[in-house]
Structure formats: C-alpha cells, structure tokens
1. Could you give every pair whose Cβ atoms fall below 8 Å, whose first residue belongs to the stretch 91-114 and is under 19 Å from Leu133 (Cβ atoms), and whose second residue is open to solvent by less than 10 Å² (accessible area, probe 1.4 Å) and part of a loop (DSSP other than H, G, I, E, B), counting only separations of at least 6 or pairs across chains?
2. Return yes or no: is Ile99 touching a strand residue (DSSP E or B) at 6+ places or on another chain (Cβ under 8 Å), of a type outside the set (Ser, Thr, Tyr) and surrounded by 23 or more Cβ atoms within 10 Å (Cβ to Cβ)?
3. Taking the stretch 8-58 as the search range and keeping residues that are polar (S, T, N, Q) and part of a loop (DSSP other than H, G, I, E, B), which one is farthest from the chain's Cα centre (by Cα)?
4. Does Met121 count as free of Cβ contacts under 8 Å to residues at least 24 places away in the same chain, open to solvent by 40 Å² or more (accessible area, probe 1.4 Å) and in a strand (DSSP E or B)?
5. I'm trying to understand the selection: among the residues of the stretch 1-27, which are modelled with pLDDT of 95 or more and aliphatic (A, V, I, L, M)?
6. Which pairs do you get when a residue that is more than 10 Å from Phe224 (Cα to Cα) and in a loop (DSSP other than H, G, I, E, B), found in the stretch 171-193, comes within reach of a residue that is among the basic types (Lys, Arg) and at pLDDT 85 or above, reach meaning Cβ atoms under 9 angstrom, with the pair 6+ apart or on two chains?
7. From Glu116, Glu106, which residue is closer than 28 Å to Ala148 by Cβ, touching a Lys or Arg at 6+ places or on another chain (Cβ under 7 Å) and surrounded by fewer than 20 Cβ atoms within 10 Å (Cβ to Cβ)?
8. Of all the residues that make up the stretch 27-81, how many are in contact (Cβ under 8 Å) with a residue 40 or more places away in the chain and open to solvent by less than 40 Å² (accessible area, probe 1.4 Å)?
Amino acid sequence: MNLDALFKVTYGLYVITSTLNGKKNGQIANVVFQVLAEPPTIAVCINKQNLTYDFIRESKVFGVSVLSKDTPLKLIGLFGFKSGRDIDKFENINHKIGITGAPLLEDYCVANLEVEVVNSMDVGTHVVFMGKLVNGEMISKKEPMTYAYYHEIKGGKSPKTAPTYVEEKKAEAHGGKKYRCTVCGYIYDPGNGDPESGTAPGTSFAELSENWVCPVCGVEKNKFEELL
C-alpha cells in the first residue's frame, strides 16, 4: 500500500483554539470540515494526548483560525510542536477573545469560526468534535494555506499526534545533503535554503551559522540529523 496517496486528499491548515477555567490554548490541525450547510455544522479531529482536546471536551466550544499562505513557520511551530502544558502559546500572539470565550488569531489568518460542540465521535487515538457554527468572520482576502503548500513549499511536517502523520522512511538528497530536525521533522534542503531567516538557496547545512535554529520548532542546529 502506498500511503503517499493520502497526501492527495485536500486539507487546509488551521489553529484550533479553546478555553477552560480562564485559560487559553490552541494547536495546529489540518482536519477541519463542514458537515452540514443548514444548520451550519463544523467538525474537527483532535488527538486525545493534546491539551486542546481536554479544553474542548470540558468547555464544549472551539475556535478555528484559517491560516493564510504567508503564515511564518515559527507560528506554525509554536502551535504545532509546543505544548500548552509548558507555555502560554498566546503570550506574544496578536489575538482576541470570541463570543464563546475561545481565543482567535488576528494575524496570518483568512477567517475565524466559533463552534459550540453538539456531538463527538471516538475514533481511537483521536476524537472528532462536531458542533454548530455560532460565529464566523472574514479577517483578510489572503489565500488560505493548504496542507500540500505547507508540506511541499514551506517544507513543514506533521507532528506525530496529527491524524495525517506518516513516518518518513527516507528522502532523496538533491543539490546537497539534507538534514532533518529530530524534534519536529522539518527538513533543511540546501536547494531551498531558509528564506524566512535570510538563508539563500544553495547554502549547505555546514555553512549555516551555529546560531541558526529550526524555523519550525526553534531547536539548535545540533538537533538535526543527516538524511541518508
């Protein structure tokens, strides 16, 4: 079976948020979909290990910020590879509190949705939360980011708790050796460089400054391994 076929199923990229006892949390997700048009019903798939799962389960509300193509990898890394159990993810993020109490991004997003949970379905490692749409707003006219764009153009990877995570067995090295972050799975490709940090295409991994960090999760250069 060729699991690469799964990458042909279209996904977006979203920050899913919720609130509980005055606290805020959020995470990256790519499985969000509209179930019904009338009444407007939205579903999201969340891993049981994630703090956001606990928040949604208890509060019965969640927000969806639809990310735009220009979203920096650092923001995706914050919500995708950091835990709200350790840090306040919204401390330095421009956001507002919606009518449900869930935090909503105000930068790097196309639209915001707010949902009240009416049902859920246990699917093993994940739970699908379904709810009625109680508010929706357009934030910008930017183009939304798809998972394919994030994966192929941004060079990003799915965290292991994501429903679309597929373990990468090998990678071809073209135009220089590639290196993978052992924390988040980001692959540094010399052919692409790291434009967000000003590293030009053609820069080998060895030529990167010792102060360079993973553009997704922020770990040091010594946390990378060569892809064979």
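1. Pro103/Phe90; Cys109/Thr71; Glu114/Ala102
2. no
3. The extreme case among them is Asn21.
4. So Met121 passes the test.
5. Listed by number, the residues that qualify are Val15, Ile16, Leu20.
6. Ala171/Lys178; Ala171/Arg180; Glu172/Lys178; Asp189/Lys178; Pro190/Lys177; Pro190/Lys178; Gly191/Lys178
7. Being closer than 28 Å to Ala148 by Cβ, touching a Lys or Arg at 6+ places or on another chain (Cβ under 7 Å) and surrounded by fewer than 20 Cβ atoms within 10 Å (Cβ to Cβ) holds for just one of Glu116, Glu106, which is Glu106.
8. The number of residues fulfilling the criteria is 31.
The values are calculated or read from the model by the stated rules, or taken from the named source; none is laboratory data. Quick caveat, the model's predicted, so the values are computed rather than measured. Ideal geometry is used to build each Cβ from the backbone, glycine not excepted, and the neighbour counts take in all protein chains shown. When the accessible area is computed, the model is the full protein with side chains, heavy atoms only, and any ligands, DNA or RNA have been set aside. Shrake-Rupley method; radii C 1.70, N 1.55, O 1.52, S 1.80 Å.
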